[in-house]
Every structure is written in structure tokens, then in C-alpha cells.
Amino acid sequence: ATPGGLFAARLGGEQAADAGPARAREVRTAWQGLLEIRRMTNPDGATDRPCAWERGRLAPSAGLALEAAGCAPAGDSTPGYRVRDTPQPEAVAVRHPERSGLAACAAALHEAGWQVSEHVETRGGSRYLLASPRRA
């Protein structure tokens, strides 16, 4: 929860991020709530793909999908995923310092209904994912 008591999805890089049982319960509850929003707002009631609400909140939605799948966000000094907005419409960038971690993020997002492609930066050669909410 944020200092104001509201739930906030982890995008990676937050300071002093609690990873205990209380956070796990919050994430589970938030994910179940998001699935219910999908069910209620997708025209066919589908929960296997993102809804319009998520399209308006790409980074937090991707962060919640990752955290709900058990992927660890980056901390102050711990490796993990980092989700960032991109200039590309309806896409976020997901980075992870470990190749296996990046693959786990790709699998988690795909399972949550996102289209995922892996890219290599032209400068530096680091790998990252571009993820967009699947429409159908």
C-alpha cells in the first residue's frame, strides 16, 4: 500500500518495498479485482485479455500482472523487473537484468493477455520487452 493507504502496483525501483505476506494478499486481491473489471467491461465477459481500464493505465496494469504472477520488482539494491511507459502508443517497456528474469516476465505478461516481443537496444545491446494489451 502507498503511504495514503491505497494499493499501488510495483513498477520496479521503489524504495523499501515490502514483500511479506500482507503484500502478497494485497496483490492477490488487486489481481482478482482486475479480473472482475475485465469480466464486467469486456463485451464478451472475457478475463483472458486486458480491458479498456488497463489500456488507460498501462504501466501499473503490467506491473500488477507481473507481481501477481510472482515476478519480483527491482528494489533499491535488488535485481528485478522495471516497467516504464514508452513513446509507442499502447506499449510499455519491461527490463530485467537477468535473461531468465526477462523470460519469466514475458511468460507472465503473455499469460495475463499481453502481446510481448523481445528487443535489443542499439546502444549497449541490453534486452528488453515491449508489451501491449491484447485486443482479441
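Derivation of every value follows stated rules applied to the coordinates shown; laboratory data play no part. Nothing here was measured: the structure is a model prediction, and the numbers come from that model. Here the Cβ positions follow ideal geometry from the backbone for every residue, glycine too, while neighbour counts run over all protein chains shown.
Numbers at a glance
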{"quantity": "Filtered trypsin sites (Lys or Arg not before Pro), the stretch 7-68: DSSP coil and at most 15 other beta carbons within 10 Å", "calculated": "Arg57"}
{"quantity": "Residue of Ala59, Ala74, Ala19 that the Gaussian network model of the chain assigns the largest fluctuation, springs spanning Cα pairs under 10 Å", "calculated": "Ala19"}
{"quantity": "The chain - mean residue ellipticity at 222 nm from DSSP helices (-39,500 (n - 2.57) per run, n ≥ 4, rounded to 500)", "calculated": "-11000 deg cm²/dmol"}
{"quantity": "Label assignment, Cα Rg over 2.2 N^0.38 Å derived from the structure, set [x] 1.27; [y] 1.02; [z] 1.21", "calculated": "[y]"}
{"quantity": "Quarter of the Cα convex hull surface for the stretch 64-136, i.e. its orientation-mean projected area (nm²)", "calculated": "5.2 nm²"}
{"quantity": "Distance between modelled label sites at Glu111 and Arg84, nm, 7 Å Cα→Cβ extension", "calculated": "2.7 nm"}
{"quantity": "Backbone HN-Hα couplings from phi across the stretch 112-121 [Karplus 6.51/-1.76/1.60, Hz, Gly and Pro as x]", "calculated": "7, x, 9, 8, 10, 9, 9, 9, 10, 5"}
